[in-house]
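First up is the structure itself, then whatever we jot down about it.
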Amino acid sequence: MAEVGWGNVTTRLVADRAGVPVGAVHYHFRSLSELLIEACTPVLWQLIDEVRAGLGSTADLETGLDWFVTSLTGYAGDPTALRLPSEIFLAATRNESLGARIDEAIRTFREVVTAWLDRCGHGADAEAAATVLAAAMDGLLLYRAVGVAVEPAALAGILRRIVTPPSSTSNPIEQRGT
């Protein structure tokens, strides 16, 4: 999928890559769409497991954000790894079954990030911060997949501001006394 695109994958191509007859592919999967969905779903859950493990090993917001930035930077040398999530997301806009799996994966991803933010003492809006952080990460990956020069480390500061809970002393209205 990452090499030729979701729409260009054929049963014959899958069979050739797997070293099996085309009939074997048809025997195990009712359709090419079903095969593609079954093939890409583990990729999504692997990414979520990596995030769960990466954030689980961090003690605070700063370390967790460093982990996020480092993980984004790691995709720079692997164009295939960047294209696959983009292909999956695009295909989900046209396939209800895949869309449901993507929805489940995104909800789980946000739950993992929300739990991390809660553990780090983020506060009441941890879920909203997790949603914005997830969208920012998806956007950055998409930019990199299409060749837009984005250096995640240069964006670390804004990511920190997104997930750092406001403190009463940092409220500009309170500081001005109004």
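Order Leu44, Leu32, most accessible first, counting only protein heavy atoms with a 1.4 angstrom probe.
Leu32, Leu44
Treating only the Cα positions of the chain as identical point scatterers, give the base-10 log of I(q)/I(0) from the Debye formula at each q in 0.11, 0.13, 0.18 Å⁻¹.
After summing over all Cα pairs, the log10 values are -0.57, -0.75, -1.18.
What helices in the chain pass both tests, a Cα length along the helix axis of 30 Å or more and a mean Kyte hydropathy of -0.5 or higher, using whole DSSP H runs?
Helix filter hits for the chain: 32-56, 96-119.
How much of Phe109 can a 1.4 Å solvent probe reach, expressed as accessible area in Å² and rounded to 10?
The accessible area comes out at roughly 40 Å².
What residue among Ala154, Ala92, Ala18 has the largest mean-square fluctuation in a Gaussian network model of the chain, using Cα springs under 10 Å?
Most flexible of the set in this elastic network: Ala18.
In a Gaussian network model over the chain where Cα atoms closer than 10 Å are linked, find which of Arg107, Arg52, Arg83 has the largest mean-square fluctuation.
In the Gaussian network model the winner is Arg107.
The values are calculated or read from the model by the stated rules, or taken from the named source; none is laboratory data. Here the structure is a predicted model, which is why all the values come from computation and not from measurement. Note: accessible area is taken over every heavy atom of the protein model, side chains too, but ligands, DNA and RNA are not part of it. Shrake-Rupley method; radii C 1.70, N 1.55, O 1.52, S 1.80 Å.
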